[in-house]
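Report on the following structure.
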Amino acid sequence: PEGFQALGAELRKSSVSISDQTTPPPHSELKDRFGPPPKFEQAKSYADSLGKELRSSRIDIANGQEKIARNWESSMRAEMGRHAKEKFLYQQPAGFQHLIAELRKSSVPLPGAH
């Protein structure tokens, strides 16, 4: 047993200092395959010159009319409002007064006529 204790103490001794070791930074296979992108020159921007003529259009789309939006109306609004009076003005249908009077005399109960 004494020999094993001395051997264990001897094995615990190390000539390598852990703090002196320099380890390479960790890396993955993905980083090895796809490195940083190569350097490139930024392309010159043509935003100020492209479409300048189109933005300064001189086409008169108002056909000589006033160029304000207060009198504009969408075609859908005009179309939906074309027969608004006929749609929403309720009038009792004419010619059915005699039928209404006969139905009121009837002994047949109508739903909602309690």
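Given (1) part of a helix (DSSP H, G or I); (2) open to solvent by 100 Å² or more (accessible area, probe 1.4 Å); (3) at pLDDT 85 or above, identify the lone condition not met by Glu102.
(3)
Could you list, in sequence order, all residues of the range 62-91 that are in a helix (DSSP H, G or I) and not aliphatic (A, V, I, L, M)?
Applying the first criterion (in a helix (DSSP H, G or I)) to the range 62-91 yields 75-80, 84-88.
Within the range 62-91, Ser75, Arg77, Glu79, Lys85, Glu86, Lys87, Phe88 qualify.
The values are calculated or read from the model by the stated rules, or taken from the named source; none is laboratory data. Worth saying up front: this structure is predicted, and the values here are computed from it rather than measured. Protein only, heavy atoms only, side chains kept; ligands, DNA and RNA dropped before computing areas. Shrake-Rupley method; radii C 1.70, N 1.55, O 1.52, S 1.80 Å.
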